[in-house]
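The values are calculated or read from the model by the stated rules, or taken from the named source; none is laboratory data. This is a predicted model, so every value here is computed, not measured. Cβ coordinates were reconstructed from backbone atoms using ideal geometry, including for glycine residues, and neighbour counts include every protein chain displayed. Only protein heavy atoms, including side chains, enter the accessible area calculation; ligands, DNA and RNA are left aside. Shrake-Rupley method; radii C 1.70, N 1.55, O 1.52, S 1.80 Å.
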Amino acid sequence: MPDSTLRLTVAQAIIKYLENQFIQIDGQEWRLCGGGFGIFGHGNVTCLGEALYDARATLPLYRGQNEQSMGFAAAAYSKQWLRQRFMFCTASAGPGTANLLTSAALAHANRLPMLMLCGDTYVTRLPDPVLQQLEHFGNPTLGVNDAFKAVTRFWDRITHPAQILQSLPAALNTMLDPADCGPAFIGLPQDVQGWTFDYPTNFFAKRVHRIRCQAPDVAEVADAVALLKAAKRPMIIAGGGVQYSGAVADLTAFAEAHNIPVVETIAGRANMLQDHPLNIGPVGVTGSDSANAIAERADVILAVGTRLQDFTTGSWTAFAKDAQIIGLNVGRHDAMKHLSLPVVGDAKLGLAALSAAMGGQKAAGDWVGFAQAERAKWVGYTDQITTAGNGPNSYAQVIRVVNDLCDSRDRVVAAAGGLPAEVTAHWQTKDIGTVDVEFGFSCMGYEIAGGWGARIAQFEREPEKDTIVFTGDGSYMLMNSDIYSSVLTGRKLIICVLDNGGFAVINKLQNNTGNESFNNLIADCPTVPVPFAVDFAAHAASMGALAETVSNPAEFAEAFKRAKAADKTSVIVMQVDAYDGWTTQGHTWWEVGTPHITQNPRVEAKHHEVESSRAKQRKGV
């Protein structure tokens, strides 16, 4: 009946609505919301908790250990699902919700959907000031939840039960929009959660969603084709949006049809297989000599599904100043950066339109030959630096061990410190879409928490495969409690903990800018009278994981084999050198702030050295 209603609390209505939203992926129907992560407190347990209990079979709720790590797990879940499904996070009012701010920022920077359902202060204000409330004397409406306005794509505070009739669909539409995708926040005042309303029954009808595939403008395609046809040295930058569009095969087909070399961004790693002849490697600050060599010579650059972050562009020194950029992107903001010629639309449809209009146009053989020769040299370098015994224990050597032994469909997760650069440089892609290097926000703590979320998603379709986490000792110390979560929930991880005695990559940056080692490595902290190392294996074992410490890459390989064969989370710990064994090649210039005035001659010299490359920087064009 069109006028029939159902009386529910606000919390019950939200959960019932989420239960009835679906999406079709590869011919199979899935619930759009895969469930959620939650830590209950007085601000969400009585009403939202009651509603979630009744939906526990359809919307599984994973108990979190830390609200920030819950958000990381939710972001990694949606990334594993290529933004086609999401998880919610629920936290109590006050500090519980505030803990989600960092993970909301991570999801925003990486354009990942995540729904936050968080407690809020009372709309009536009758009991004010309440526990954990911030009081702003000149604005009683302002609270902790308002801080999320800067780190979300959609924000709302429900002050009347009827408002969710508009707010919930708007939040979902935002999370599913290819251009505006990102986290959504809905503040739920503690009194309003329990208020009732007669909701239209058809609001809860089953709905199967589609993610929009927007065709590009015909005139923009024509302009781009004219530029590509005139190019003598064209190049493709493949970003993470290629995977979100489902355009990986289309990108490869386009490159093959027109004989154009391809370089990958960090988010775009695993767009092409390692051995594809047109895969010239990762580009930018943490890239490869091969990709950077063609980037600085290319006259036309087709940037597909990338936001052209500074680690891709070398702070805009990686490309020739007269190179022309075509931005094929579903987001207008990204497509038009640095006066790029925009092709605003879906990557899959855009590549098809460009290819059809280009006909048999192919790049010159000598240009492609140059790119492939550079790629061969880079592969030789990575083979040398990743070989065990070529120097002290290093990240690169462990990456090679894992790369050689893992299954082609295993997923790799890394995020902060030196490991993202090393994984980006040396990981040899065995299968498409198997690498998650979170470098949009480059957030310490994402590694293990994100690994858990990725594994939850992976388990839904590929339970027999593994999720492999690379983390340093610094990130481990910051956030490790989801080792316990993974064991509790039976979502096995293989966690590689590489201990270099502190924040070694920032120590390296400190030294490379002329500064003395200070407050990064534990040994260099003046407030630490007697430095000592953490027994990471014992700590991980106390949380239920299988854990062992090894001394070298050969022992690591044997431990990794045991971890692969195990049926629960395994943690492998190895010390690596803080100073030696880093990848020294494959880097473009990166703009970092250095002191213009200093009494330290080494710092002054490094300042002039850094500034000497600024002449190559494209300034907004």
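Scanning the stretch 383-404 for residues that are under 14 Å from F556 (Cβ atoms) and either of a type in the set (D, E) or open to solvent by 40 Å² or more (accessible area, probe 1.4 Å) (or both) returns T387, A388, G389, P392, R400, D404. Here R83 meets each of (1) touching a Lys or Arg at 6+ places or on another chain (Cβ under 8 Å); (2) modelled with pLDDT under 95 with one exception, condition (2). Of the residues screened, R411 is one that is charged (D, E, K, R), within 30 Å of F503 (Cβ to Cβ) and either open to solvent by 10 Å² or more (accessible area, probe 1.4 Å) or modelled with pLDDT under 95 (or both). Reported count of residues in the stretch 444-454, each being under 24 Å from L273 (Cα atoms) and open to solvent by 10 Å² or more (accessible area, probe 1.4 Å), is 0. Regarding F441, is this residue touching a Leu at 6+ places or on another chain (Cβ under 9 Å), of a type in the set (F, W, Y), in contact (Cβ under 8 Å) with a residue 40 or more places away in the chain and open to solvent by less than 10 Å² (accessible area, probe 1.4 Å)? When the stated conditions are applied, F441 does not pass them. Elements of the type strands (runs of 3 or more DSSP E) sitting completely within the stretch 253-341 and holding at least 2 residues that are aliphatic (A, V, I, L, M) and open to solvent by less than 20 Å² (accessible area, probe 1.4 Å): these cover 262-264, 300-304, 324-329.
Is at least one residue of the stretch 573-591 open to solvent by less than 40 Å² (accessible area, probe 1.4 Å), more than 16 Å from Q510 (Cα to Cα) and not in a loop (DSSP other than H, G, I, E, B)? Yes: the stretch 573-591 contains one or more residues that are open to solvent by less than 40 Å² (accessible area, probe 1.4 Å), more than 16 Å from Q510 (Cα to Cα) and not in a loop (DSSP other than H, G, I, E, B). For the stretch 1-44, taking the residues that are among the small types (G, A, S) and outside any strand (DSSP E or B), the one that is modelled with the lowest pLDDT is identified as G27. Note on the stretch 434-547: enclosed strands (runs of 3 or more DSSP E) holding 1 or more residues that are under 18 Å from the mean Cα position of the chain (by Cα) and polar (S, T, N, Q) are 467-472.
Mind checking whether some residue in the stretch 113-125 is free of Cβ contacts under 8 Å to residues at least 40 places away in the same chain, open to solvent by 50 Å² or more (accessible area, probe 1.4 Å) and not charged (D, E, K, R)? No, every residue in the stretch 113-125 fails to be free of Cβ contacts under 8 Å to residues at least 40 places away in the same chain, open to solvent by 50 Å² or more (accessible area, probe 1.4 Å) and not charged (D, E, K, R).
For the stretch 46-61, indicate whether the set of residues that are surrounded by fewer than 16 Cβ atoms within 10 Å (Cβ to Cβ), in a strand (DSSP E or B) and in contact (Cβ under 8 Å) with a residue 40 or more places away in the chain is non-empty. There is no residue in the stretch 46-61 that is surrounded by fewer than 16 Cβ atoms within 10 Å (Cβ to Cβ), in a strand (DSSP E or B) and in contact (Cβ under 8 Å) with a residue 40 or more places away in the chain.
Just to be sure, is A363 part of a helix (DSSP H, G or I), at pLDDT 95 or above and either within 22 Å of V304 (Cα to Cα) or out of contact with any Asp or Glu (no Cβ under 7 Å at 6 or more places or on another chain) (or both)? No. The set of residues in the stretch 190-206 being exposed (fewer than 15 other Cβ atoms within 10 Å of the Cβ) and either closer than 30 Å to L349 by Cα or of a type in the set (A, V, I, L, M) (or both) consists of A205, K206. Going residue by residue through the stretch 538-555, is there one that turns out to be open to solvent by less than 10 Å² (accessible area, probe 1.4 Å) and among the polar types (S, T, N, Q)? Looking through the stretch 538-555, none of the residues is open to solvent by less than 10 Å² (accessible area, probe 1.4 Å) and among the polar types (S, T, N, Q). Cβ separations smaller than 6 Å between residues 6+ apart or across chains give the following pairs from the stretch 525-540 residues that are within 29 Å of A563 (Cβ to Cβ) to residues that are open to solvent by less than 70 Å² (accessible area, probe 1.4 Å) and modelled with pLDDT of 95 or more: F536/V497; F536/V573; A537/A547; A537/E548; A537/V573; A540/I483; A540/A547; A540/V571.
Here's the yes/no breakdown for (1) open to solvent by less than 10 Å² (accessible area, probe 1.4 Å); (2) in contact with a strand residue (DSSP E or B) (Cβ under 9 Å, 6 or more places away or on another chain); (3) outside any helix (DSSP H, G or I); (4) among the hydrophobic types (A, V, I, L, M, F, W, C):
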{"position": "A75", "(1), (2), (3), (4)": "yes, yes, no, yes"}
{"position": "K79", "(1), (2), (3), (4)": "no, yes, no, no"}
{"position": "T90", "(1), (2), (3), (4)": "yes, yes, yes, no"}
{"position": "P129", "(1), (2), (3), (4)": "no, no, yes, no"}
{"position": "H136", "(1), (2), (3), (4)": "no, no, yes, no"}
{"position": "F148", "(1), (2), (3), (4)": "yes, yes, no, yes"}
{"position": "I164", "(1), (2), (3), (4)": "yes, yes, no, yes"}
{"position": "L168", "(1), (2), (3), (4)": "yes, yes, no, yes"}
{"position": "P178", "(1), (2), (3), (4)": "no, no, yes, no"}
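Under the condition of being open to solvent by less than 10 Å² (accessible area, probe 1.4 Å) and either at pLDDT below 95 or touching a Leu at 6+ places or on another chain (Cβ under 7 Å) (or both), the residues counted in the stretch 238-252 number 4. Scanning the stretch 539-572 for residues that are touching a helix residue (DSSP H, G or I) at 6+ places or on another chain (Cβ under 6 Å) and polar (S, T, N, Q) yields a total of 3.
Of all residues in the stretch 476-490, those satisfying the criterion of being open to solvent by 10 Å² or more (accessible area, probe 1.4 Å) and either touching a residue at least 40 places away in the same chain (Cβ under 8 Å) or over 14 Å from G450 (Cβ atoms) (or both) are M477, M479, N480, S481, Y484, V487, L488, T489, G490.
Considered as a group, the residues in the stretch 1-32 that are surrounded by fewer than 18 Cβ atoms within 10 Å (Cβ to Cβ) and among the aliphatic types (A, V, I, L, M) include one that is nearest to the chain's Cα centre (by Cα), and that residue is I25.
Taken over the stretch 445-502, the criterion of being among the polar types (S, T, N, Q) and touching a Ser or Thr at 6+ places or on another chain (Cβ under 7 Å) is satisfied by Q458, S481, S486.
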